[in-house]
Every structure is written in C-alpha cells, then in structure tokens.
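What follows is one structure encoded as structure tokens, with my remarks underneath.
The values are calculated or read from the model by the stated rules, or taken from the named source; none is laboratory data. Since this is a predicted model, take the numbers as computed values, not measurements. Please note: Cβ atoms are built from the backbone with ideal geometry, for glycine as well, and neighbour counts cover all protein chains shown. We work out accessible area using only protein heavy atoms, side chains counted, and drop any ligands, DNA or RNA first. Shrake-Rupley method; radii C 1.70, N 1.55, O 1.52, S 1.80 Å.
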Amino acid sequence: MYVPKESQPKQGGGAAKARDGEKGGKRKIVAQNKKARHDYAIIDTYEAGLVLTGTEVKSLREGRTSLTDGFVHIDRGEAWLHNAHIPEYHQGSWTNHSARRKRKLLLHREEIDKLESKAQETGHTIVPLALYFRDGRAKAEIALARGKKEYDKRQTLREQQDRRESDRAIAAAKRRQRGA
C-alpha cells in the first residue's frame, strides 16, 4: 500500500523533537548565576556561543561549573568571559584545560558594539547569567546589568516575600472555597 510522503511519520532523534517546542530547541542548563540576579538589575540579555576545548565541553556535560565570580569584558572588538570556573576533566590527560582561563564569546558585531557602548556608562557591567547546551552546542546567557545598592536588594527581597505570601493566601482561599 502506498502512503504519501506528507502523511508518513517523520524519522529522527531527540533533536527533531526538541526543535518542535521552541525556537532553537531545548535548553539543558548546566550552571546559573543566581548571585548576579540578586546583585544586579538586569537591563538586557543576550545569548552567546562559547569557544571551548574538548575537555571543557566534557567537564560542562558533567555539570560541575560555577559562574559566581564571572564577568564579561570586551577587548579589541571581541567579547571574553573571565573567571567562569569550569573544572578540569577528571579523565583528561595533558590536553586538559586550565579551570579559570578566559573564553571567547561568539556574538554578532552589532551586539558587541551595543554592549561595549552601554558597558562604558557609569554603573553598568556585563555578567553571565547561565551556561547551557542548545542542540548540543554550549551557549552562555549574558546580561547588561546595573549594580544594585543595598537598599535596592532589601526592597527586591521584600517584594518577593510579599508576592509569595499573597500567592499563598490566594491558594489557601481557593482551597477553602473548593472544600466548602
């Protein structure tokens, strides 16, 4: 029996399924920088590719990385990720990488120029927010951010706590309403 090609099920692995959900496929998050979201007001975010060695990729896949002290610096028209800790691959040999070396970020020229001009303003910086894999390629989510003052941090925490309490009160009222 002949089945037209349009009605035949698509053949393929997980990558084809991952692309159906969102543009560019699923994100497998390796590391997040929660401290950056606490210490900085995020203005704009960008997705950048990373230039890595083989042992760095293997170590990233193990998920033992830290972005806590990381920052992005633009030098001679190129964006570089500094102080991101990707530990040495435990099965690596002499080809192993150094854990805190600077890594090149892959961005479009317009994005680099925009980030460079904004980062030179007083109080602005570029921080990494997350490292993840998308379609098997390592990506970094970076953000243009402005430093928060201590009172801003307290106010943000207070707002989050108030939001949580109101959500709990609403959920409790809904439960009581269903029960009655």
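Go through the residues of the range 95-105 one by one and say whether even a single one is at pLDDT below 80, exposed (fewer than 15 other Cβ atoms within 10 Å of the Cβ) and of a type in the set (Ser, Thr, Tyr). Looking through the range 95-105, at least one residue is at pLDDT below 80, exposed (fewer than 15 other Cβ atoms within 10 Å of the Cβ) and of a type in the set (Ser, Thr, Tyr). Taking (1) in contact (Cβ under 8 Å) with a residue 60 or more places away in the chain; (2) of a type in the set (D, E, K, R); (3) assigned to a helix (DSSP H, G or I) in turn, Arg146 satisfies each apart from (3). Quick one: Glu165 ticks every box in (1) open to solvent by less than 100 Å² (accessible area, probe 1.4 Å); (2) under 30 Å from Ala79 (Cβ atoms) except a single one, so which number is it? Failed condition: (2).
Please note which helices (runs of 4 or more DSSP H) are completely contained in the range 1-89 and include at least 1 residues that are among the acidic types (Asp, Glu), open to solvent by 70 Å² or more (accessible area, probe 1.4 Å) and at pLDDT below 70. Steps first, answer last, please.
Details: elements: 14-21, 34-39, 54-62.
Per the criteria, 14-21.
Quick one: is Asp113 assigned to a helix (DSSP H, G or I) and closer than 27 Å to Val72 by Cβ? When the stated conditions are applied, Asp113 passes them. Only one of the numbered conditions (1) in a helix (DSSP H, G or I); (2) at pLDDT below 85 is not met by Glu121, and that is (1).
The rows are residues; the columns are (1) open to solvent by 50 Å² or more (accessible area, probe 1.4 Å); (2) under 22 Å from Thr65 (Cα atoms); (3) touching a Cys at 6+ places or on another chain (Cβ under 6 Å).
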position: Ile112; (1), (2), (3): no, no, no
position: Leu115; (1), (2), (3): no, no, no
position: Glu121; (1), (2), (3): yes, no, no
position: Leu131; (1), (2), (3): no, yes, no
position: Ala140; (1), (2), (3): no, yes, no
position: Ala143; (1), (2), (3): no, yes, no
position: Arg146; (1), (2), (3): yes, no, no
position: Glu150; (1), (2), (3): yes, no, no
position: Gln160; (1), (2), (3): yes, no, no
